[in-house]
Amino acid sequence: MNSILVLHGPNLNLLGTRQPEVYGTTTLEMVNSACVAHGQSRGLSVVCLQSNHEGALVDAIHAAKGVHVGIVLNAGAYTHTSIALRDALSSVELPVVEVHLSNIHARESFRHVSHIAPVALGQICGFGAQGYLLALDALAEHLAARNA
Ligand code: DQA
């Protein structure tokens, strides 16, 4: 079964209690369970990882090559700052869908810039935890079209 890496960046371990008015009350564990179940329904196995450390996220992206067929990435605040994450994604050449729970374009101007977007298939933001499932659907469709 094709495998997808769902990768979460800094502070997303606090989902459920972190600024619930912005990020909702769904915990990371709930997000991950929903991703695994949704992946299964689309014939994909899903592995979820979270780190607060930029280098660990780079390592996880490198390790994804040859193991996973695509990545769903919420890089948290590193979205707006990390050339290293962007370079890692370019290096492994795996299809990536960028996710944000909140609508980053409706928030502070520093959140409007994404270093991930130029190397991603696309970006899904503003739909809360549902965004991860939409991202899995987008990846599944992309992979099916690519393999057709
Ligand atoms: C976020 C948006 C980022 O701007 C922020 O730094 C996060 C979460 C989101 O999911 O909405 O940590 O990626």
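Between a first residue in segment 1-15 that is assigned to a helix (DSSP H, G or I) and modelled with pLDDT of 95 or more and a second residue that is open to solvent by less than 10 Å² (accessible area, probe 1.4 Å) and near the ligand (Cβ under 9 Å from one of its atoms), which pairs have beta carbons less than 7 Å apart while being 6 or more apart in sequence or on different chains?
Pairs found: 12/74.
Condition (residue is open to solvent by 10 Å² or more (accessible area, probe 1.4 Å), farther than 17 Å from residue 132 by Cβ and in a loop (DSSP other than H, G, I, E, B)) applied to segment 70-92: is it met by at least one residue?
Taking every residue of segment 70-92 in turn, at least one turns out to be open to solvent by 10 Å² or more (accessible area, probe 1.4 Å), farther than 17 Å from residue 132 by Cβ and in a loop (DSSP other than H, G, I, E, B).
Checking residue 63 against (1) under 15 Å from the mean Cα position of the chain (by Cα); (2) over 19 Å from residue 137 (Cα atoms), which single condition isn't satisfied?
It fails just one condition, (1).
Residues in segment 101-123 that are open to solvent by less than 30 Å² (accessible area, probe 1.4 Å), more than 8 Å from the ligand (Cβ to nearest atom) and among the aliphatic types (A, V, I, L, M): how many?
The total comes to 2.
Any chance segment 137-148 includes a residue that's modelled with pLDDT of 95 or more and touching a His at 6+ places or on another chain (Cβ under 6 Å)?
no
Checking residue 98 against (1) near the ligand (Cβ under 10 Å from one of its atoms); (2) charged (D, E, K, R); (3) open to solvent by 60 Å² or more (accessible area, probe 1.4 Å), which single condition isn't satisfied?
Just one mismatch for residue 98, condition (3).
The values are calculated or read from the model by the stated rules, or taken from the named source; none is laboratory data. If you're wondering where the values come from, they're calculated on a predicted model, not measured in any experiment. No Cβ is skipped: glycine too gets one built from the backbone with ideal geometry, and neighbour counts run over all protein chains shown. Protein only, heavy atoms only, side chains kept; ligands, DNA and RNA dropped before computing areas. Shrake-Rupley method; radii C 1.70, N 1.55, O 1.52, S 1.80 Å.
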